[in-house]
Amino acid sequence: MQVNVSDLQAKPAGTIELSDAVFGQAPRRDILQRMVIYQLARRQSGNHKSKTYGEVEGSTAKIYKQKGTGRARHGAKRAPQFRGGGKAFGPVVRSHAIDLPKKVRKLALRSALSAKQAEGKLVVIDEARLEAARTKALVEVMGRFGWDSVLIVDGAAVNENLRRAAANLPHVDVLPQQGANVYDILRRDTLVLTKAAVEHLEARLK
């Protein structure tokens, strides 16, 4: 499919042919959901930890005799039912990551790209480059296009001025093509690709 290419002045800069195998697929909502769960699970640090019975400091002595008190039978005060005791079945340090086949991950990224194209929220620009690292300059660019929430994906490397300008904007993300992922594509309203990003993504996903 052919789509128009613009420059950062919102002026026409030719056209580009997008591969139907990457940008023209029927979006799979189930695959997108699995991929988002996969990504968010991998982001969890998993460093939460509570002390168990054996890790709490304190005496192991029986707190009072077994019989004759009229009270429940108890051993050490480190038991979970006592204040300051160990946690029963508490969290431990572990990885939350789950497995997802590489084919499914590629299919999910193709689905995300195709969904943006089908919704008319995919924009292709010739290059993403600012002359100065000024947030005001990027805000002006966004105003020309009517962007509010946007993910900009460049080629192998991101322009440093653009990266620094976007750092102050809460709804703007800038990524190199190798960092393009389903979660970041879906969480932003508009997806902006440079021509270099299109070439890299097509080579990666065909």
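The values are calculated or read from the model by the stated rules, or taken from the named source; none is laboratory data. Predicted, not measured: the structure shown is a model, and the values here were computed from it. Reconstructed Cβ throughout: ideal geometry from the backbone, glycine too, with neighbour counts over all protein chains shown.
Before moving on, here are some points about what is shown:
- A180 meets the conditions (1) out of contact with any Pro (no Cβ under 7 Å at 6 or more places or on another chain); (2) more than 18 Å from V36 (Cα to Cα); (3) among the aliphatic types (A, V, I, L, M) in every case but one. The failed one is (2).
- Scope the stretch 84-141; condition of a type in the set (G, A, S) and in contact (Cβ under 8 Å) with a residue 60 or more places away in the chain; matching residues: A108, S111, A112, S114, A115, A118, A128
- When the stretch 172-198 is filtered for residues that are free of Cβ contacts under 8 Å to residues at least 60 places away in the same chain and surrounded by 15 or more Cβ atoms within 10 Å (Cβ to Cβ), the ones remaining, listed by number, are V172, D173, V174, L175, P176, Q177, D184, R188, A197.
- Any chance S19 is among the hydroxyl-bearing types (S, T, Y) and either under 22 Å from V198 (Cβ atoms) or modelled with pLDDT of 95 or more (or both): yes
- Strands (runs of 3 or more DSSP E) lying entirely in the stretch 121-206 (those with 2 or more residues that are within 19 Å of V5 (Cβ to Cβ), modelled with pLDDT of 95 or more and assigned by TED's automatic domain parsing to the domain that holds K103): 122-125, 150-153, 190-194
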